[in-house]
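Computed from the coordinates by the stated procedures, all read-outs in this text should not be read as laboratory data. What you see is a predicted model, and the numbers here were worked out from it, not measured in a lab. No Cβ is skipped: glycine too gets one built from the backbone with ideal geometry, and neighbour counts run over all protein chains shown.
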Amino acid sequence: MTQTKNDLIGACGIYCGLCTRYQSRAKSRCIGCKVTEMHSWCSIWNCCVKKYGFETCAECREYPCERYKRRLAKYPADLKTAQENLDELKESGLDNWLKGQRERRLLVENLLDNYNDGRSMSFYCKACVVLPVDVINNAIEEAREKFVSNKISDSDIKAKAKLVKSTIQDLALKSGIDLKSH
């Protein structure tokens, strides 16, 4: 099944490409809520996509409706970001928003391909959702410089992951963002 660029937009506003379930390589990997009806349990998906045929809740004149607000109350961390995404999508337009999300997805994939010790996926996905892209890029560049100065071997993935994660966390805190609270 071929995916389109819109297939990674959750009806609720979550960008599937930054989700740990999407980035997983396990058999239980999620391929995004637009590709199949595997998420038919989701009341937001059922209302937005199935009932009204919308891409996202942002298209609905009732957004944010009571259903959306109830889900926000149940999953505040995820849907707070989702609601911010939908608000940004309405303001900047689908193509601009998707461009930014694609850039974030490529960043998380870079982090997972090069600095994942097997325990870093959640942290990297969260960082790429919450932090500005330039902060993540700066952290990667700063960590690469530290690899050299600390004589960390390319094959020492555990040391590299530890250094990348601490560098991201430090730069996040300097930006006023505590990743542990998200």
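Each of Asn96 and Glu66 was given a label point 7 Å from its Cα along the Cα-to-Cβ line. The distance between the two points is 3.4 nm. Helix 94-115 and the longest principal axis of the Cα set of the chain meet at an angle near 40°.
Between the Cα long axis of helix 157-174 and the first principal axis of the chain there is an angle of about 70°, rounded to the nearest 10. Take 64-73, 107-116 and order them by the average number of nearby Cβ atoms within 10 Å per residue, most first; the result is 107-116, 64-73. Within the set Lys50/Lys99; Lys74/Lys162; Lys27/Lys160; Lys69/Lys162, which residue pairs have Cα atoms separated by over 29 Å? Beyond 29 Å: Lys74/Lys162; Lys69/Lys162. The alpha-carbon atoms of the chain define a convex hull whose volume equals 127 cubic angstrom per residue. How tilted is helix 133-149 with respect to the longest principal axis of the chain? Cα atoms for both, answer in degrees (0 to 90, nearest 10). Between the helix axis and the principal axis of the chain, the angle is about 20 degrees.
Quick one: among Arg102, Arg29, Arg21, which has the greatest mean-square fluctuation in a GNM of the chain with alpha-carbon springs under 10 angstrom? Highest fluctuation among the options: Arg29.
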